[in-house]
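Let me begin by presenting the structure, written as structure tokens, before commenting on it.
The values are calculated or read from the model by the stated rules, or taken from the named source; none is laboratory data. None of the values given here were measured: they were computed from a predicted structure. In this analysis, Cβ positions are derived from the backbone assuming ideal geometry, glycine residues included, and neighbour counts consider all displayed protein chains.
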Amino acid sequence: MSGPSKYQPESGFARWLERRLPILSFMYDSFVAYPTPKNLNYFWTFGAILSFMLVAQLVTGIVLAMHYTAETSLAFFSVEHIMRDVNWGMFLRYAHANGASMFFLAGYIHILRGMYYGSYKEPREILWILGVVIFMLMMATGFLGYVLPWGQMSFWAATVITNLFTAIPLVGDSITTWLLGGYSVDNPTLNRFYALHYLMPFVLVAVVAVHVWALHVTGQNNPEGVEVKDFEKETVPFTPYATLKDAFGIGAFLVVYAWLTFFVPNYLGHPDNYVEANPLVTPAHIVPEWYFLPYYAILRAIPNKLLGVIALFAAVLLPAALPWLDGSKVKSGRYRPLFRKAFVLFVVAGIGLGYLGAQPPEGGFLMAARLLSLYYFLHFLVVLPWVARNEITLPEPDSIEAALAAKKASTMDAAHG
């Protein structure tokens, strides 16, 4: 999108390096001169926030791994050792645990922003699919990490989730046995989960790098949903304009992160995880971390085990088909009145499923979970295609510059009115 490199090496070393490995021009073109639409709002800072949180999780996770012991008789006490005896151990543990929640919070906002402004539409289909892959890797990494403290909720969450694979015909039992390293959740299971939890973030970094590459090929979407036509008038250099905006967004996000980590570090956790895992005592109510709750509600809403597993994976994968399910030529929800209403219903359904995932699967809770699960799938498979065919959209601006001019005129009229 940015054309030939504008980087001009000044020193002799820079010129020598540029001829052999053009990393300086790559950095300059990607993070300094990269043309950024000038009308981006603060929802676009969540990409930078996610990058920051990924680095924070990597750093805190690597240090924690130096003190953790992946052995069933020692894992729980090694976490207590980190909390009590390791310098800054309590901070590192709470920063990592709450960092996962903040990572998912930023991820959900980033996904919803992309859905509302049509960032999955042409030419950004591959970019969107890579985002769904990143989300799946986040979920896998989060689940694997949740098992490591080896508390009651960790142990029984691992038992419930690994048992789901037995529902897969033909290969289900073999997959489950491989994951467990045997026939029940035990020491080989913990070792496998620890190894995979350490590996997955580096896979995540690799996919994020491809995601950013794809973004730089297609360019960023913007709130108006119209493509950049005049790079001179409609874009600004990434640095300092976008970097300062991202820095402010990260700073505001860090306030919430610091509040969780320093003042209410166990607010999003479960008290049963401060009890050592006991295979002979089943908790009254097995609940995963909050960011899994909507999908957990969908899983439990279906009485058939195999169909429940299919629905669970379909719920995660279905957004990848959005570029083809939503056939509207208009990208941004700003100019799609019916789509906006459907989007609000979808968000309400997601929040409702999150609440129901934390409730016992019985009575009214179960019926509500089934209704909201049904709407979740209908939104993608029925509502969005119907809206795309029948919606009367508002007129889009001809360009970003025209939209900004109209907004400025409207603001001035309001000020003088």
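If you take the residues of the stretch 158-180 that are part of a loop (DSSP other than H, G, I, E, B) and without any contact (Cβ under 8 Å) to a residue 60 or more places away in the chain, which of them is surrounded by the fewest Cβ atoms within 10 Å (Cβ to Cβ)? Top of the filtered list is L170. Contact map, the stretch 117-129: residues that are on the phi > 0 side of the Ramachandran plot paired with residues that are of a type outside the set (G, A, S) and surrounded by 21 or more Cβ atoms within 10 Å (Cβ to Cβ), Cβ distance under 6 Å, separation 6+ or inter-chain. Pairs shown: G118/K331.
Matching residues to (1) surrounded by fewer than 18 Cβ atoms within 10 Å (Cβ to Cβ); (2) at pLDDT below 95; (3) farther than 13 Å from Y375 by Cβ; (4) among the acidic types (D, E):
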{"site": "V316", "(1), (2), (3), (4)": "yes, no, yes, no"}
{"site": "L322", "(1), (2), (3), (4)": "no, no, yes, no"}
{"site": "D326", "(1), (2), (3), (4)": "no, no, yes, yes"}
{"site": "V330", "(1), (2), (3), (4)": "no, no, yes, no"}
{"site": "R334", "(1), (2), (3), (4)": "no, no, yes, no"}
{"site": "P337", "(1), (2), (3), (4)": "yes, no, yes, no"}
{"site": "V344", "(1), (2), (3), (4)": "yes, no, no, no"}
{"site": "V347", "(1), (2), (3), (4)": "yes, no, no, no"}
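Evaluating L366 against the criteria (1) surrounded by 14 or more Cβ atoms within 10 Å (Cβ to Cβ); (2) under 25 Å from the mean Cα position of the chain (by Cα); (3) at pLDDT 95 or above leaves one unmet condition, (2). Taking (1) out of contact with any Phe, Trp or Tyr (no Cβ under 6 Å at 6 or more places or on another chain); (2) more than 30 Å from D230 (Cβ to Cβ) in turn, M102 satisfies each apart from (1). Please determine, by comparing only the residues of the stretch 12-60 that are part of a helix (DSSP H, G or I) and of a type in the set (S, T, Y), which one is nearest to the chain's Cα centre (by Cα). Once the filter is applied, the top-ranked residue is S51.
Here G61, G107, G131 are screened, and the one residue that is modelled with pLDDT of 95 or more, small (G, A, S) and in contact with a Pro (Cβ under 7 Å, 6 or more places away or on another chain) is G61.
Out of L312, L244, L299, I need the residue that is modelled with pLDDT of 95 or more and under 30 Å from A402 (Cβ atoms). Which one? Only one candidate passes the filter, namely L244.
Answer yes or no: is there a residue in the stretch 8-25 that is touching a residue at least 24 places away in the same chain (Cβ under 8 Å), of a type in the set (A, V, I, L, M, F, W, C) and closer than 19 Å to A214 by Cα.
Looking for residues that are touching a residue at least 24 places away in the same chain (Cβ under 8 Å), of a type in the set (A, V, I, L, M, F, W, C) and closer than 19 Å to A214 by Cα, one finds none in the stretch 8-25, hence no.
Residues of the stretch 39-57 that are in contact (Cβ under 8 Å) with a residue 40 or more places away in the chain and surrounded by fewer than 16 Cβ atoms within 10 Å (Cβ to Cβ): N41, Y42.
Here are G219, G225: which of them is at positive phi and touching a Gly at 6+ places or on another chain (Cβ under 7 Å)?
Numbers: G219 fails: touching a Gly at 6+ places or on another chain (Cβ under 7 Å).
Every option except G225 fails the conditions.
Regarding the stretch 290-304, can at least one residue be identified that is in contact with a strand residue (DSSP E or B) (Cβ under 8 Å, 6 or more places away or on another chain) and not in a helix (DSSP H, G or I)? No, that holds for no residue.
Kindly indicate whether V217 is closer than 20 Å to F26 by Cα and under 26 Å from the mean Cα position of the chain (by Cα). So V217 fits the description; yes.
For the stretch 187-288, the helices (runs of 4 or more DSSP H) that sit wholly inside it and include 1 or more residues that are closer than 29 Å to S5 by Cα, of a type in the set (S, T, Y) and out of contact with any Leu (no Cβ under 9 Å at 6 or more places or on another chain) are 243-262.
Of all the listed residues (G107, G99, G145, G47), the sole one being within 28 Å of Y194 (Cβ to Cβ) and in contact with a His (Cβ under 7 Å, 6 or more places away or on another chain) is G145.
Close Cβ contacts (under 6 Å, 6 or more residues apart or on different chains) running from residues in the stretch 132-150 that are under 24 Å from D272 (Cα atoms) to residues that are hydrophobic (A, V, I, L, M, F, W, C) and in a loop (DSSP other than H, G, I, E, B) comprise W150/A277.
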